[in-house]
Amino acid sequence: MRRLIRLSSILLLAVSTTAIADLEVSEAKLRLLPGDLPTAGYFTLTNKDSLPVTLTGAQSPDFAQVMMHRSSLENGMASMQHVKQVEVPAGNTLTFASGGYHLMLMERQRALALGDQVEVTLLFADGRRLPVTFTAAPLAAQ
Ligand SMILES: [Cu+2]
């Protein structure tokens, strides 16, 4: 009986991994700022699924708080808005980059240096969770 339970949990794991295969992240980078200033997270998310997917947030063991923001420029003034969710249509790519959507990672839980890797899990409205490894990159990196 115990073996049967184990087998079914392995199967479940396999199913959720397959679903995640339709979502692909590349260029995952963190832009470190000195001290305890918030860190910006940039990445490219491709939705290879035949249905739209909605990104609702992210979390990381290395930051107490992770938010989604969108930068904009109005009348020459740069500002940031909190974003609750972003939909990515089927077959589309969403880019989180400097000057637009970005993750705002706050309250760093450990010291980070250039080249360090940070695990960030992207959260979706349908319950899917996509673990992504971000690399700490120099300021100029987009
Ligand atoms: Cu921000």
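The values are calculated or read from the model by the stated rules, or taken from the named source; none is laboratory data. Remember, it's a predicted structure, so these values are computed and weren't measured experimentally. Cβ atoms come from the backbone with ideal geometry, glycine included; neighbour counts cover every protein chain shown. Protein only, heavy atoms only, side chains kept; ligands, DNA and RNA dropped before computing areas. Shrake-Rupley method; radii C 1.70, N 1.55, O 1.52, S 1.80 Å.
For the range 30-59, filtering for residues that are within 15 Å of the ligand (Cβ to nearest atom) and within 19 Å of E119 (Cβ to Cβ) leaves 11. Going by what's in this entry, would A90 be described as within 15 Å of the ligand (Cβ to nearest atom), surrounded by 12 or more Cβ atoms within 10 Å (Cβ to Cβ) and not basic (K, R)? Criteria not met by A90.
Within the range 105-119, identify whether any single residue is within 16 Å of V25 (Cα to Cα) and not hydrophobic (A, V, I, L, M, F, W, C), and answer yes or no. Explain how you work it out, then say what you get.
Residues of the range 105-119 that are within 16 Å of V25 (Cα to Cα), as a first pass: 117-119.
Then drop every residue that is not not hydrophobic (A, V, I, L, M, F, W, C), which leaves 117, 119.
The answer is yes; a qualifying residue exists.
Taking the condition of being within 16 Å of the ligand (Cβ to nearest atom) and at negative phi, how many residues in the range 95-132 meet it? Selection size over the range 95-132: 13. Reported count of residues in the range 109-123, each being open to solvent by 50 Å² or more (accessible area, probe 1.4 Å) and part of a strand (DSSP E or B), is 2. Per the listing S79, S71, the residue uniquely among the hydroxyl-bearing types (S, T, Y), surrounded by 13 or more Cβ atoms within 10 Å (Cβ to Cβ) and either within 16 Å of the ligand (Cβ to nearest atom) or at pLDDT below 95 (or both) is S71.
Residues in the range 49-64 that are open to solvent by 50 Å² or more (accessible area, probe 1.4 Å) and either of a type in the set (F, W, Y) or over 16 Å from V86 (Cα atoms) (or both): S50, P61, A64. Against the condition at pLDDT below 95, of a type in the set (V, I, T) and either open to solvent by less than 40 Å² (accessible area, probe 1.4 Å) or outside any strand (DSSP E or B) (or both), how does T18 come out, does it pass? Yes: the conditions hold for T18.
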